[in-house]
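Below: the structure, in structure tokens.
Taken together, the values in this text are just the output of simple stated rules run on the coordinates, not laboratory data. These numbers were taken from a predicted model, which means no experiment stands behind them. Neighbour counts run over all protein chains shown; Cβ positions are idealised from the backbone, glycine included.
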Amino acid sequence: MEIQFLGHAALYIKTSTHNILVDPFISGNPKASSINIQDLNPQAILLTHAHQDHILDVEKIAKANDSLIISNFEIVSHFQNKGLNGHPMNHGGKWTFDFGELKYVNAIHTSSFPDGSYGGQPGGFVLSTDNKIIYIAGDTALTYDMKLIASEFKLDLAVLPIGDNFTMGIDDAIVASDFVECDKVLGCHFDTFSFIEIDQNRAVEKFSNNGKELILLQIGMSITI
Ligand code: NI
Ligand code: MN
């Protein structure tokens, strides 16, 4: 599968059969001005939590493409009330979709909507498709629960936040990579705002010093796994 970085925590995953969008925050991200929302036609949209920097463009994209919104119960209900399609999940739950299998896993963070209303509890996803397994951590602290992921899945890639302040920083992300037993990490949630600015070269070097690969993509660039 091909994974395109759309800036911040937004990903566009192209499997052999489907396009899957994760946490779209594009129109509000001046650094992602090269991305045109109209070019995205996802069959499914995965949302880790309700914060604005993860859901800003959901309505527009879901409406235009009749996308299935997959998230926790509260977030899916919120979008279903706007007439959009959704599939609610909750922590620990697994479901087989036509694009592959998802498990909604624990994250330590918060999840209010931009207006302050309740957005359920934040989570991450383990996506199994095209004979690959990727962990999309969402916004989270380092947590021992990540060890449960390694006990169930043999990951090919871990997508981890590394920007610190609101989520794990680089040092904790290195430990997280140990906990999930995956040395190939795609970094996200960095450099969008001043609170989460990082030294990219230093981050890559720190991972490398620990025998790990940290992939930092320019916005719009992709990796294939
Ligand atoms: Ni957040
Ligand atoms: Mn965030």
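Once the chain from Arg202 to Gln38 is taken as fully extended at 0.36 nm per residue, the excess over their C-alpha distance is 55.5 nm. P(r) tail for segment 1-111: Cα pairs beyond 21 Å make up 30% of the total.
Would you mind ranking His109, His91, His78 by Cβ crowding within 10 Å, fewest neighbours first? Show your work: numbers first, answer last.
Working: His109 19, His91 16, His78 23.
In order of increasing Cβ crowding within 10 Å: His91, His109, His78.
The modelled label-to-label distance for the pair Lys14/Gln52, using points 7 Å beyond Cα in the direction of Cβ, is 3.2 nm. Stretching the chain fully between Ile223 and Lys60 yields a gain of 56.1 nm (0.36 nm per residue, less the alpha carbon separation). Size estimate for the chain follows the Kirkwood approach: the inverse of mean 1/r over distinct Cα pairs works out to 17.1 Å. Going through segment 149-205, which trypsin sites (Lys or Arg not before Pro) have at most 14 other Cβ atoms within 10 Å and a DSSP loop state? Here the trypsin sites (Lys or Arg not before Pro) that fit, given the DSSP loop and packing criteria, are Lys154. Other residues whose C-beta falls under 11 angstrom from the C-beta of Phe99 contribute a net charge of -2, scoring Lys and Arg +1 and Asp and Glu -1. Charged neighbours of Pro30, selected by a Cβ distance under 15 Å, balance to -3 (K, R count +1; D, E count -1). Please identify every one of the chymotrypsin sites (Phe, Trp or Tyr not before Pro) in segment 86-195 that sits in a loop by DSSP and has no more than 12 other beta carbons within 10 Å of its own beta carbon. Loop-located and lightly packed - Tyr118, Tyr144. Among beta bridges identified by DSSP and lying wholly in segment 2-224, the antiparallel ones come to about 55 percent. With bins 10 Å wide beginning at 0, the percent of Cα pairs of segment 136-225 falling in each bin runs 18, 54, 26, 2. Net charge dipole, the chain: roughly 340 debye, given to the nearest 20, about the Cα centre with Cβ charges of +1 for Lys and Arg and -1 for Asp and Glu. In this structure, the amide hydrogen of Leu68, modeled 1.01 Å from its nitrogen in the peptide plane, lies closer than 5 angstrom to those of Ala44, Ile45, counting only residues at least 5 positions away or on a different chain. Among Ile133, Ile69, the ranking by other beta carbons within 10 Å of each residue's beta carbon, starting with the fewest, stands as Ile133, Ile69.
When both segment 72-90 and segment 113-163 are represented by their alpha-carbon centers, they are found 19 Å apart. So which of Lys14/Lys206; Lys82/Lys132; Lys82/Lys154; Lys63/Lys132; Lys94/Lys147 end up more than 26 Å apart, counting from Cα to Cα? Too far apart for the 26 Å limit: Lys14/Lys206; Lys82/Lys132; Lys82/Lys154; Lys63/Lys132. Averaging the sequence gap over all C-alpha pairs within less than 8 Å and six or more residues apart, then dividing by the number of residues, gives segment 2-224 a relative contact order of 17 percent.
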